[in-house]
Amino acid sequence: MSDYRLRMHDIPVDDRPTERLLKYGPESLSTAELLAVVLRTGTKKENVVNMCQRIFSEYNVKQLSQAEISKLMQIYGIGPTKAAQIAAVFELARKLERHVDGPKRKICSPADVYSMLYPGMREQKREKLVVLYLDTKNQVLKEEVVSIGSLNSSIVHPREVFKSALMESSASVIISHNHPSGDPTPSKEDIAITEKLIEGGKILGIDVLDHVIIGDGRYVSLKDEGLVS
């Protein structure tokens, strides 16, 4: 049996998303057509535009952006390569939202941590621990994901947090993680991990300034709440 797939050039020229994008700009395309430009090919039974229209009849943009690779691959016509393409497009969008032009970003408050990290955390279905490494002026030298999955003291070890801090010659760090439930209320484990990291930082001469927990449109600063010293 042939592996032939209906490709973009099988669609009439005037209806091809790529040609329309080049002629009229990306804003002239529908959401399904934009995805069709990225995926390029459909299935044996439907061209890529029809396939993308079917996808968006089942998912909205937000749902598609939140779907994990394994979930995307359950969609008819979406294999590993197309799933990776979809995931990459949405990750680029999240990185753009977090991007700041000009000088290094300066952190002056927990609200600054929240505004910087929320775009990349709000759609996560698993807990993700992120560390911000700061210089003496509280400017961000590096942002690093240290752990993904439910946080506990055996997974989040000080050496993983402070390894990059030493390499970057950081003066201080801020740790942050999300609660997929949307409720940023700190758990006993969150507080215990923070205290452990603070003690580890004291030994190395690196201050742990705060632990900011991010929920759905809100956050909690353990330092502001007086939950850690």
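At a glance:
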read-out: Fraction of antiparallel bridges per DSSP, the chain only, in percent to nearest 5; value: 70
read-out: Flagged links, alpha-carbon separation over 20 Å, of Lys104/Lys202; Lys104/Lys137; Lys128/Lys188; Lys62/Lys188; Lys163/Lys223; value: Lys104/Lys202; Lys62/Lys188; Lys163/Lys223
read-out: As computed over the stretch 110-221, the Cα convex hull volume per residue (Å³); value: 84
read-out: Gaussian network model of the chain, springs between alpha carbon atoms under 10 Å - residue of Met121, Met167, Met73 with greatest fluctuation; value: Met167
read-out: Residues in the stretch 207-221 reached by a label modelled at Ile191 [backbone nitrogen below 14 Å; 7 Å Cα→Cβ]; value: 221
read-out: Normalised alpha carbon radius of gyration of the chain [divisor 2.2 N^0.38 Å]; value: 1.27
read-out: Normalised alpha carbon radius of gyration of the stretch 143-205 [divisor 2.2 N^0.38 Å]; value: 1.14
read-out: Whole-number Å³ per residue for the convex hull built on Cα positions in the stretch 58-125; value: 93
read-out: Whole-number Å³ per residue for the convex hull built on Cα positions in the stretch 8-98; value: 98
read-out: Set of aspartates and glutamates near Lys82 by C-alpha distance (under 18 Å), chain-local residues within fewer than 8 positions excluded; value: Asp3, Glu33, Glu46, Glu58, Glu68, Glu91
read-out: Per residue accessible area in Å² of the stretch 8-98, where ligands, DNA and RNA are left out and the probe is 1.4 Å; value: 58
read-out: Carbon/sulfur fraction of accessible area - the stretch 8-98, other protein chains in place, 1.4 Å, %; value: 56
read-out: For peptides 74-87, 19-32, 171-184, 188-201, sequence by mean Cβ density within 10 Å, most packed first; value: 171-184, 188-201, 74-87, 19-32
read-out: Proximal charge balance of Ile148 [Cβ under 9 Å; K/R count +1, D/E count -1]; value: +1
read-out: Equivalent-ellipsoid semi-axes of the stretch 171-229, from the Cα gyration tensor, Å, largest first; value: 21, 11, 9
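The values are calculated or read from the model by the stated rules, or taken from the named source; none is laboratory data. Being a predicted model, the structure only gives us computed values, none of them experimental. Because the Cβ atoms are built from the backbone with ideal geometry, glycine has one as well, and the counts that use them run over all protein chains shown. Only protein heavy atoms, including side chains, enter the accessible area calculation; ligands, DNA and RNA are left aside. Shrake-Rupley method; radii C 1.70, N 1.55, O 1.52, S 1.80 Å.
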